[in-house]
Amino acid sequence: RHAYVKNNNWLIGQTTSIFVSFATTPEMLDPNTPLGGATYRPMMLRYENKINEKTPYAIALEKGHDQNRLPTLTAKISHQVSNTLLVNLRGLLQEVHVPELNDQTKIGTGIAVGINYKPLEKLILNTNVANVSGDNRFLLGTYDNKRYLQNEPELKLVEYNSFTLGATYKFNSNLRSTIGYGNLTYNKNNENGNKELEQTWINLDYTPWKAVTLGMEYVTEKRTTIDGQKGTHDRVGMVAQYNF
């Protein structure tokens with residue numbers, strides 16, 4: 001699902017959006033990543049460079065929703081504040097084109113901040129905060145909602161906030177555990193869409209040998225729709241991985 005060509009500072013092809021930040025996302029065994037994270041891999045044209053050794057940045061034109069006539073402009077800048085603190089800022093700007101509403105168009109936006117902090121030798125804290133309007137592709141948990149309000153004569157964009165926080169503790173070189181929380185809340189929403197999604201998880205990751213990883217994870221999730229319906233979901237996952 002990655003297919004691209006890279007030459008010096010330029011990349012063209014399909015790979016992970018730069019609006020996504022794995023460096024500041026709490027660890028999760030589920031390959032979909034936590035609520036508010038993402039694995040979105042669009043086609044893109046990307047340029048990368050560095051202001052200095054501690055401050056890389058990237059700018060890209062990425063494919064957004066199929067109905068949009070123009071690509072999405074995304075950007076990310078990271079700064080290694082110290083050996084224990086990394087901060088990044090991401091943004092997106094895109095055309096939201098809706099043919100079924102008389103070809104109306106508005107500008108959708110997104111801004112996100114990520115932090116990776118290591119207060120202790122064995123403890124890592126990660127958080128991502130984002131505000132997005134007019135999009136349901138770039139972040140996990142937004143796919144079931146429309147990009148705009150339904151039953152409105154004029155185009156009004158759906159807006160949401162996401163928040164993810166996690167702590168990873170390394171017991172020793174072979175054993176680690178992460179506990180995390182994710183939240184996705186809509187400020188403007190559809191009549192039949194989600195109002196709030198919540199996710200809490202805890203996992204245990206064991207590496208008996210360098211190439212082998214074994215893990216177990218418990219996840220509990222809550223959903224509240226715009227009309228007040230509520231639901232919960234609990235699951236246990238296990239993983240066995242061998243790295244060639």
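The values are calculated or read from the model by the stated rules, or taken from the named source; none is laboratory data. The shown structure was predicted, so the numbers you read here are calculated from the model rather than taken from an experiment. Backbone-built Cβ (ideal geometry, glycine too); neighbour counts: all protein chains shown. Heads up: the accessible areas ignore ligands, DNA and RNA and are worked out on the full protein's heavy atoms, side chains in. Shrake-Rupley method; radii C 1.70, N 1.55, O 1.52, S 1.80 Å.
Expressed as a whole number of Å, what is the distance separating the alpha-carbon centroids of segment 139-190 and segment 219-244? Centre-to-centre (Cα) distance: 13 Å. Within segment 63-122, the GluC sites (Glu not before Pro) that combine a DSSP coil assignment with at most 16 other C-beta atoms in a 10 angstrom radius are GLU121. Computed with a 1.4 Å probe over protein heavy atoms only, the accessible surface of segment 1-76 comes to 55 Å² per residue. On the principal axes of its alpha-carbon atoms, the chain has extents of 60, 49, 32 Å, going from largest to smallest. The portion of the accessible surface of the chain made up by carbon and sulfur, rounded to a whole percent, is 57 (1.4 Å probe; DNA, RNA and ligands excluded). Across segment 133-144, rounded Karplus estimates of 3J(HN,Hα) from the backbone phi angles (6.51 cos²θ - 1.76 cosθ + 1.60, θ = phi - 60°) give 10, x, 9, 9, 10, 6, 10, 5, x, 9, 5, 7 Hz, Gly and Pro being marked x. Pairs of Cα atoms nearer than 8 Å and 6+ residues apart set the relative contact order; for the chain it is 14 percent. Look at the dipole of segment 1-145 built from charges on Cβ: of THR25, ASN83, LEU61, the Cα furthest out on the positive end belongs to ASN83.
Only one residue of LEU214, ILE202, TYR148 has its Cα farthest out toward the positive end of the dipole of segment 142-220, where Lys and Arg carry +1 and Asp and Glu -1 on Cβ, and that residue is LEU214.
Averaged over residues, the count of other Cβ atoms within 10 Å places the peptides 140-150, 217-227, 125-135 in the sequence 125-135, 140-150, 217-227, highest first. Normalised per residue, the accessible area of segment 101-244 is 57 Å², obtained with a 1.4 Å probe and no contribution from ligands, DNA or RNA. Over all distinct Cα-Cα pairs of segment 177-244, the Kirkwood formula returns a hydrodynamic radius of 14.1 Å. Convex hull volume of the Cα atoms of segment 1-96, normalised per residue: 119 Å³. Computed on segment 50-158, with alpha-carbon pairs under 8 angstrom and 6+ residues apart, the relative contact order is 18 percent.
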